[in-house]
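A short worksheet on the structure shown next.
The values are calculated or read from the model by the stated rules, or taken from the named source; none is laboratory data. As the structure is a computational prediction, the values presented were derived from the model and not from experiment. Every residue, glycine among them, receives a Cβ derived from its backbone with ideal geometry; neighbour counts consider all protein chains shown. The area values use the complete protein model at the heavy-atom level, side chains included, leaving out ligands, DNA and RNA. Shrake-Rupley method; radii C 1.70, N 1.55, O 1.52, S 1.80 Å.
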Amino acid sequence: MRIMIKTSMKLLLRTKAFWFFLILTPILSTLVLRSEFDSSAAYIHKDNGEIIELTGSDDKVAYNGGNGEYLVKVYDASGSEASEEILKNLAGSGMYMICRADLSGQGEVFTDAFVERHMERDGFEDRMGAALYIYPGFDSVTSADEMSAYFRIYALSDDARTELLESDAEFLLGGYVGSGMDFLNAVNAAGNNKNVISISADSFSELTVKQVNQKTQIGYAFAFMTLGFVFCGIFVAHTSIKEQKNGVYIRISLSGTGPLRYFASKFVTAVIISMMSTGVMGICSLFMSSDDLGMSRLRFLAMIFLLGLIFCLVSMLLGILMGDVMSANVAAFMVWCMSALFSGLYFPIKDVSDLIRLISSLMPQKWFMDAAEMMIRGTDSALGMLLCITGAYTMVVISAGGLGLKLRRKSEWGNS
């Protein structure tokens, strides 16, 4: 087996494209990790009770919802403490996402033409559950009859939560009208009578903005590094394809070497290549600080090596089983593209369907991104989880590779 490993390494080191991917992808990953950008807007959840401020009345609110939230667009021409308090109570209930366009100080803004134009725009060009109009002088209302003229809700969907919104608004406003209290005390009293229990869907506390950016940068670095590992594994497969076409594999089989042992030699070659690529990344990481990585350098390199080993083996398996260089290249590139897309390296996948979540759980990068988050938080169990994940994928690849070679050999001998 030592001779087979040595022969494979000699062929690889003579390939210029192999050196290209071995050196270029760690450099690109380093540049990404050293870049400064803010991606927290796409990842950090908004807290209950937070009112999302729009820059103007024409802003669309659909971009603020992604997980079935009930969006309410508020046209607030009052701009008073009263309107602020009632909107905070609605947002704090955890049932609605309140997006406000502050129109205070613009005089009589709610003309018939204004309301008609925005109702049509909100209904056909945006996505929301309801639009809420708060008129100037809202905080000076003293009777229920006047309230309907200063606080109006327009349903823009058939969502059943519209009735709940109307009921909550009526409950909050009803505590004020005829109570003899000032508006703020009345709304607070009504709001305090509604106990809301919020259960977080995440098992971890929220990351800071800096940690979110570090995790995002690591994801982009994973994308570049896995591309290099995928094609390095394909180059190993190229040597196997040549050996099969030139009859070398048949001669090796006749010498008593089984397919599992032959595949094991290619596996060791893939391990050596993964160590070489990780070594190049280690040299590049000397130009980065711990703040750039978000974790210790050794942990980061351990993640790179384990993730690279998985993709090197997967692409090598695809190439050996396909037996064609061009088909292997296309398949490897598709594996890299689709796995990076579904694993959440480029954008968050927290709000996708259950089917996409299931597909994502099959992608190695997804587990490595979770481990990266754990390491950024300082959790010690992340590396152990990665070793188990890598071991599982490795066993599947080795078993599938040995079985595939055995079936391929039987097919070739049967045809001959």
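In the stretch 44-81, of all residues being within 16 Å of the chain's Cα centre (by Cα) and open to solvent by 50 Å² or more (accessible area, probe 1.4 Å), the one that is modelled with the highest pLDDT corresponds to Asn67. Of all residues in the stretch 94-129, exactly one satisfies the criterion of being part of a strand (DSSP E or B) and either touching a residue at least 60 places away in the same chain (Cβ under 8 Å) or in contact with a Pro (Cβ under 7 Å, 6 or more places away or on another chain) (or both), namely Tyr96.
Please work out if Leu286 is open to solvent by 10 Å² or more (accessible area, probe 1.4 Å), over 24 Å from Leu403 (Cβ atoms) and not aromatic (Phe, Trp, Tyr).
Here the answer is yes, as Leu286 does meet what is asked.
Residue check: Ala91 meets all listed conditions (1) over 13 Å from Ala130 (Cα atoms); (2) more than 30 Å from the chain's Cα centre (by Cα); (3) not in a loop (DSSP other than H, G, I, E, B) but one, namely (2). Of the residues that make up the stretch 323-335, is at least one in a loop (DSSP other than H, G, I, E, B), without any contact (Cβ under 8 Å) to a residue 12 or more places away in the chain and aliphatic (A, V, I, L, M)? Checked the stretch 323-335: no residue is in a loop (DSSP other than H, G, I, E, B), without any contact (Cβ under 8 Å) to a residue 12 or more places away in the chain and aliphatic (A, V, I, L, M). When the stretch 83-101 is filtered for residues that are at pLDDT 90 or above and open to solvent by less than 10 Å² (accessible area, probe 1.4 Å), the ones remaining, listed by number, are Ile98, Cys99, Ala101.
Pairs are defined by a Cβ separation below 7 Å, a sequence spacing of at least 6 or placement on different chains, a first member in the stretch 291-304 that is open to solvent by less than 20 Å² (accessible area, probe 1.4 Å), and a second member that is among the aromatic types (Phe, Trp, Tyr); the pairs so defined are Leu293/Phe300; Met303/Phe368.
When Gly319, Gly308, Gly378, Gly282 are checked against the criterion of being within 12 Å of Thr226 (Cα to Cα) and over 18 Å from the mean Cα position of the chain (by Cα), Gly308 stands alone in meeting it.
Scanning the stretch 322-363 for residues that are among the polar types (S, T, N, Q) and either closer than 17 Å to Gly228 by Cα or open to solvent by less than 50 Å² (accessible area, probe 1.4 Å) (or both) turns up Asn329, Ser339, Ser343, Ser360, Ser361. Do you know which of the residues in the stretch 126-148 that are aliphatic (A, V, I, L, M) and over 20 Å from Ser57 (Cβ atoms) is most open to solvent (accessible area, probe 1.4 Å)? Residue satisfying both the conditions and the ranking: Ala144.
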